[in-house]
Amino acid sequence: MSVCKCIEESQSWRIGDQVEAIKWADDAKEWYCARVVEVSNDSHDETLVFVHYEGWPPEEADWISPTLLRTPQKAEGLQYGPTGAESTRSWDDYVDFYNSKSGEMARQNTGIVQDRRMGLHCCPCHSRETIHPERPDRISSILQTFHTNRILRYFKRIHAREITTQELLRVHTFSHVRNYYPLDEETMVKKEKRPLKITSIAALLNPEPPKNPRIQQLSSTNKVLRGVGGDTIITADQDHINRQYRRFSTAAAFADASQSNPQPTAPPTLVCKMTCGELGISVDTTFHPLYTSLAAKVAAGALLSLVEPIVQGQLRNGFALIRPPGHHAEDDLAMGFCFYNNVAVAVASTLEKHSSKIKKAVVIDCHGNGTQKIFYDNPNVLYISVHRWDHGKFYPFSGAPDECGEYEGIGKNVNIAFSESSRRPKPMGDTEFVAAFYHFVLPIVKQFGPDMIFVSAGFDAAEGHPENLGGYNVTPRGYALLTKMVKDLAEDLCEGRLVLTLEGGYELQPLANSCAASVAQLFLPDTIPEQQIMCFQDTLDSTKPNRDAIDSFQDVLKHQKKHWHFPEEMFESGFTFSLPDDWRATDSISTRPRRDKKKSTKILATEGY
């Protein structure tokens, strides 16, 4: 049984205890009733307590110091969140599970990292009139669905930290890091010269390599920037820029105290006038002068906080519930709602710090131009992306099948790029994505033989997204199948070492449902049988991809056959890239997402974890 002993009060806190905890509400500190969910030590071996505030949504839960806890004073004087007190019975049930053998095994298998500070990042307009796709509600909706599905208890909670400058410099240029990570004067002096960015053997042996024309071609800096929605840059005038800086310099004094001394950050790229009237980056990437830099540092650091126990063998896998996302961020450019490339930083740091155990890594992505560019010449990182491309007309416009890597990294970049034809195009769905994994991702990863697998888990292809943000029809079950396939791969190849990190996905309900379906596959078998895929038989409505997918696969095969081995039958005329016949459900109803209209999607106010 985990116990947190608060020396100052000579008080021991146990899992599930009802306590009073300090919470920031409306820019003021107040005591609220809370429950102890987890007790842990941070990187400095200081005890921290993860508390859920009763009556508040799950995204309000937070890691706090034991000094901010106290024994409840009087029952009648306890202060709760908007939905009131939660059921003691449900919390007793959580404690019983936590202290059971099943609970212990669950926490040794799958971890989750989240941090309230990432919710501070938003557009200063707070989406009052213009709904920005990448917004705090994404995290809220996912956690709400996890809570509704009763799966939060199966995770080991991991405490997030901020990323360091040196960790970022492993993949980003100094000027890029400086733009979004305010540096002290001492650091600036030490880094007057641009540091060597080591991402490959070529970079190590040739500190000043000649300009690589292919990588230059891939770089978004050489193109007229268009946003995710397709809009081009509208540059704000200098008066607009100056007004915003003055406005947030004044607001800093009243900022949320999650930062000890928040000061406005004004990166030189914050010059685009967005449709809401606020300033943005790369057309439509929102930036809050007080909070975005912090959130970006926490997001990148949180992923590394999760990776560490997985590499050390304390966990087998995990999910990083983080934002802002990262896979569009290039070494020197923020774009596509991304500032730092979270996955690239984690992969580079892991390969360097744990070089004796993790010699090769795989990144499975959904169109991360930044990750591709960063590892384009790295022989130790296999980058595979399955995404919509439409012959270079879909954001971020790179990711062509013939982009296969260069120098030592030739063949280690695999783009499974979908394009629709002009003849009655049909959106890609479960069958097309599962076929891409079955015929390309799985065999290529097996041949590469990684020591760890990273998944940039974007849900842009989930059904319900508009054309400019995805336009495909992958269901929650489809995402569950893909995750099951990758988890089985990790178990076979690299002792289960697998981490999923949130990237895209912007329609809240499809995002939350798809994310929950995916994460459930990380748990131990039979943890929640009704939400887990146990076998692939009877899981799909169709086992034959559509014509456009077949054409796309043939294009991929044409370029990848030079670098990987494929079955001879794949080269035969008329090969349809079908899946095994028994994967097709005899009753298609069994493959449909469960939609009980009578069932409320809201958590009952009395229920806890």
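The values are calculated or read from the model by the stated rules, or taken from the named source; none is laboratory data. Keep in mind that what you see is a predicted model, and the values were worked out from it rather than measured. Here the Cβ is made from the backbone with ideal geometry for all residues, glycine too, and neighbour counts use every protein chain on show. Note: areas computed on protein heavy atoms with side chains; ligands, DNA, RNA excluded. Shrake-Rupley method; radii C 1.70, N 1.55, O 1.52, S 1.80 Å.
For this structure, a couple of remarks:
- Paramagnetic reach from Tyr80 in the range 16-30 [backbone N under 15 Å; point 7 Å along Cα→Cβ]: 18-20
- Distance between the C-alpha centres of the range 137-156 and the range 398-421: 35 Å, rounded to the whole angstrom.
- For Leu315, net neighbour charge (Lys/Arg +1, Asp/Glu -1) across residues whose Cβ lies under 10 Å away: +3
- Extension gain from Leu524 to Gln166, taking 0.36 nm per residue of separation minus the Cα-Cα distance: 125.3 nm
- Carbon/sulfur fraction of accessible area - the range 290-365, other protein chains in place, 1.4 Å, %: 45 percent
- The candidates Lys101, Lys156, Lys393, arranged from most to least accessible area with a 1.4 Å probe in the full protein assembly, appear as Lys393, Lys101, Lys156.
- Mean sequence separation of contacting Cα pairs (under 8 Å, at least six apart), scaled by the length of the range 25-132, corresponds to a relative contact order of 20 percent.
- Using a simple spin-label model with pseudo-atoms 7 Å out from Cα toward Cβ, Arg423 and Phe575 lie 2.1 nm apart.
- Cα pair distances of the range 450-519 binned at 10 Å [whole percent]: 22, 48, 24, 6
- Pairwise FRET efficiency - Glu495 versus Thr67, Cβ, R0 = 35 Å, nearest 0.05: 0.35
- Positive minus negative residues near Pro545 (Lys, Arg vs Asp, Glu; Cβ under 15 Å): -3
- Applying a threshold of 29 Å to the alpha-carbon distances of Lys29/Lys353; Lys446/Lys558; Lys353/Lys412; Lys101/Lys360; Lys357/Lys487; Lys297/Lys558 flags Lys29/Lys353; Lys101/Lys360; Lys297/Lys558 as lying beyond it.
- Förster radius 56 Å - calculated FRET efficiency between His563 and Arg243 (Cβ-Cβ, nearest 0.05): 0.60
- If R0 is 45 Å, the Cβ-Cβ spacing of Thr235 and Ser40 corresponds to a FRET efficiency of close to 0.45.
- Each Lys or Arg adds one and each Asp or Glu subtracts one; over the other residues with Cβ under 11 Å from the Cβ of Ala34, this totals -3.
- A protection proxy built from the mean count of other Cβ atoms within 10 Å ranks the segments 471-484, 65-78, most packed first, as 471-484, 65-78.
- Within the accessible area of the range 17-99 (1.4 Å probe), percent carbon and sulfur: 44 percent
- Inter-part distance where the range 108-130 and the range 495-564 are each reduced to a Cα centre, Å: 25 Å
- Over the range 17-99, accessible surface divided per residue gives 46 Å², non-protein components excluded, 1.4 Å probe.
- Accessible-area value, His126, 1.4 Å probe, nucleic acids and ligands omitted, Å²: 100 Å²
- For Lys412, the accessible area of its heavy atoms, probed at 1.4 Å with every protein chain present, is near 50 square angstrom.
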